[in-house]
Structures are given as C-alpha cells and as structure tokens.
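Student: The structure under discussion is supplied below as structure tokens; questions concerning it will follow.
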Amino acid sequence: MEFEEIIARLKEIISQTSEAKKIYDKDIALALELDPQYFAVIKKRKKIPFEAIAYFSHNNHKNMNWILFGNVHHCKI
C-alpha cells in the first residue's frame, strides 16, 4: 500500500462529486473528516488513516479494497 496511490484514488472519488477543477489536501482531509493540519502531518509521515478511510468508504458506498489496493475486481466507483 502506497500512501500516494491511496490519496490519488481518494482524489478520483472526491472529484466525481465536486465542482472544483482540482482537489487539494484540504478537500481530502474534510472528506475523511480529519483536521487539515492533522492530515498534513500524516501526509508528511505517509501514515495511512485506515479508520477515516473505512468510514469514508462506508458513508460514500465505495469499495475500501479499491481505495487501499487499487483492486479493480468487484469495485464500486
């Protein structure tokens, strides 16, 4: 699992429902219900926020396996 790949998949999901042309770290933090400053810290440390991603995937009806692993089998995007 690579932090950057996971964030890229989150950006892809967020961009589908956002009118913004570009998705920023602040947008990802808010979508994950994390403080933007905390997100900046975990991004620097490349610490994957598993719990926040689990809630995000559940609340948005997205496949957590796809978010974490890029697994395209049985994914719901």
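The values are calculated or read from the model by the stated rules, or taken from the named source; none is laboratory data. None of the values given here were measured: they were computed from a predicted structure. Glycine also receives a Cβ, built like all others from the backbone with ideal geometry; neighbour counts cover every protein chain displayed.
Student: Which of the residues belonging to the range 27-49 are of a type outside the set (Asp, Glu) and in contact (Cβ under 8 Å) with a residue 12 or more places away in the chain?
Tutor: Listed by number, the residues that qualify are 28, 31, 32, 34, 39, 40, 43, 46, 47, 48, 49.
Student: Of all residues in the range 46-77, how many are modelled with pLDDT of 95 or more and of a type in the set (Phe, Trp, Tyr)?
Tutor: 3
Student: Limited to the range 40-64, what total is found for residues that are outside any helix (DSSP H, G or I), surrounded by fewer than 13 Cβ atoms within 10 Å (Cβ to Cβ) and not charged (D, E, K, R)?
Tutor: So the answer is 1.
Student: For the subset of the range 9-39 comprising residues that are of a type in the set (Gly, Ala, Ser) and surrounded by fewer than 14 Cβ atoms within 10 Å (Cβ to Cβ), which member is nearest to the chain's Cα centre (by Cα)? Break it down into steps so the answer makes sense when it comes.
Tutor: Keep residues of the range 9-39 that are of a type in the set (Gly, Ala, Ser), which gives 15, 18, 20, 29, 31.
After this cut, where a residue has to be surrounded by fewer than 14 Cβ atoms within 10 Å (Cβ to Cβ) as well, the list is 18, 20.
Details: 18: 14, 20: 16 Å.
Checking each candidate, the answer is 18.
Student: Restricting attention to the range 16-31, does a residue exist that is among the acidic types (Asp, Glu) and part of a helix (DSSP H, G or I)?
Tutor: Yes, the conditions are met somewhere in the range 16-31.
Student: Tell me, yes or no, whether the range 1-13 has at least one residue that is of a type in the set (A, V, I, L, M), over 16 Å from residue 65 (Cα atoms) and part of a helix (DSSP H, G or I).
Tutor: Checked the range 1-13: no residue is of a type in the set (A, V, I, L, M), over 16 Å from residue 65 (Cα atoms) and part of a helix (DSSP H, G or I).
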